[in-house]
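Here's the structure we're looking at; comments come further down.
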Amino acid sequence: MSDPKLKKLLEISAASKVVRAKATYYPTFVRVFIPNTPYMKDPEGFEKSATHGMLLKLSVDEQYETDVERSIRRTRKRIKDYVLCNEFDLFATFTFRDDRYDIGHCKTRMAGWLKNQRARTGKFCYLIVSEFHKDKALHFHALLGGYMGRVEPSINPKTGDQLSQGRHLVYELPSYTLGFTNVKKIEPDKDSQTKVGFYIQKYITKDMPLFFGKNRYWASKGLALPTEEDNPQEWYKHIEPTRHYVNDHGTILEFDKNTNPLTDMFLEVHQ
């Protein structure tokens, strides 16, 4: 065979496996994705249609997306996975009083506060994204978990009452003296965690400043992620799902823990 590109494609195709379903195991539920068209995954992780040629990706949108669009899509998924697999109890916004237009300065000062607080109050987990204000001033949105520092009510100086936004009471972190903080407590139930995950995803845009290593988010080490399995045993065909979605790419089934013994068995195996 004289064409090296064709030879390479044939080698990849031979080593690929057809994926007809994909299960993602979270701490409290399992999600099963059944694509409309089975796709092939080669050893390097690339996905392509199993029936429409080697170079066609799972969706037309993904086939023509730019590197930036792909990065944004993957970052949003990663953030959602972090939120669903870890316990965050505070949603905080950090602003800066000085040099708030200097990205490098703000990153350094924020990193210093995190290091200082972990040394003073003990280890806690965090997930941070950045946003430019309308005037291009930088501020950070963060999810904090297990933070043992002081969290105090934010008081309206005119009325003496605690501030609120919607149905959420507002708090602040007195240890943060670089600017202002706006803190809300996150309920531990899955719906609240999911809502926070979707809320923080909206800040992931192509215009956002990047963190160290050109990442679009900043996370503490050791955060848990879900496990994934291609072509799981077809137990999901015999159980009524807790939630059922259909999109342009396929069907999504979700099974909550403690609703069926068979579901619980598969969750325990993958935790």
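Points to keep in mind about this one:
- Residue in the range 109-130 that is aliphatic (A, V, I, L, M), surrounded by fewer than 15 Cβ atoms within 10 Å (Cβ to Cβ), under 21 Å from the mean Cα position of the chain (by Cα) and assigned to a helix (DSSP H, G or I) present: yes
- Counted residues, the range 74-108 - those being surrounded by fewer than 15 Cβ atoms within 10 Å (Cβ to Cβ), in contact (Cβ under 8 Å) with a residue 12 or more places away in the chain and of a type in the set (Ser, Thr, Tyr): 1
- Residue match in the range 195-204 (condition: within 30 Å of Met40 (Cα to Cα), at pLDDT below 85 and surrounded by fewer than 15 Cβ atoms within 10 Å (Cβ to Cβ)): yes
The values are calculated or read from the model by the stated rules, or taken from the named source; none is laboratory data. Since the structure is predicted, the reported quantities are computational estimates derived from the model, not experimental observations. Note: ideal-geometry Cβ built from the backbone for every residue, glycine included; neighbour counts use all protein chains shown.
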